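Engineer: Here it is: the structure, laid out below.
The values are calculated or read from the model by the stated rules, or taken from the named source; none is laboratory data. As the structure is a computational prediction, the values presented were derived from the model and not from experiment. FYI the Cβ positions are ideal-geometry reconstructions off the backbone, even for glycines, and counts take in every protein chain you see. Ligands, DNA and RNA are excluded from the accessible area calculation, which covers all protein heavy atoms including side chains. Shrake-Rupley method; radii C 1.70, N 1.55, O 1.52, S 1.80 Å.
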Amino acid sequence: MDKKKKKIISFAVFTIGLAVLVAGAVFLVLNLTRGTDIADGEYLVSVGKWTLADEVSVRTCTDEYLDPNCGPEEGEETTIDNRVVWNFTEIGKGTLTTNAHENDYDFIWAIEDGKLKIETKWLYDLENEYDYKLDQKAGELILSADGEEYKFVAEQ
């Protein structure tokens, strides 16, 4: 082999090696800046409590509607916390409240095929299946089923 062919081969090997080095550096930087996303189930448990957004109501006390949470005066407005709060206590288990923990209900859950499946021990057993989107950075869990969409936010 003459010197010219050796230079061409050496230059080609150097160029290929340099391209592989640059590609490796790019992938390294992308992996380091990507963040530390964890599995969806683990994230639900690590946050724990998820609250249905915008679910606090104001009720007005009347003779027909007497509630122990109402004030002493008829017609007095009072805020009653009726938010849905799901507490994912561990993988596959949790509790649910709709009235500020006056009543808590146990549920079991699983994530399968991109769906969140929940079985709640209520007055009777409820089985729900939701399509879900989980945004770990924003702390949002969006569930959809039967044309309805529900947005839950992570409690801090």
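Engineer: Quick one: is residue 126 in contact with a Ser or Thr (Cβ under 6 Å, 6 or more places away or on another chain) and closer than 18 Å to residue 84 by Cβ?
Structural biologist: Spelling it out, residue 126 is indeed in contact with a Ser or Thr (Cβ under 6 Å, 6 or more places away or on another chain) and closer than 18 Å to residue 84 by Cβ.
Engineer: What number of residues in the range 126-156 are open to solvent by less than 70 Å² (accessible area, probe 1.4 Å), out of contact with any Leu (no Cβ under 9 Å at 6 or more places or on another chain) and among the polar types (S, T, N, Q)?
Structural biologist: Result for the range 126-156: 2.
Engineer: Kindly provide the set of residues from the range 105-125 that are surrounded by 12 or more Cβ atoms within 10 Å (Cβ to Cβ), at pLDDT below 90 and either in contact with a Cys (Cβ under 8 Å, 6 or more places away or on another chain) or of a type outside the set (Lys, Arg) (or both), ordered by number.
Structural biologist: Of everything in the range 105-125, just one residue is surrounded by 12 or more Cβ atoms within 10 Å (Cβ to Cβ), at pLDDT below 90 and either in contact with a Cys (Cβ under 8 Å, 6 or more places away or on another chain) or of a type outside the set (Lys, Arg) (or both), namely 122.
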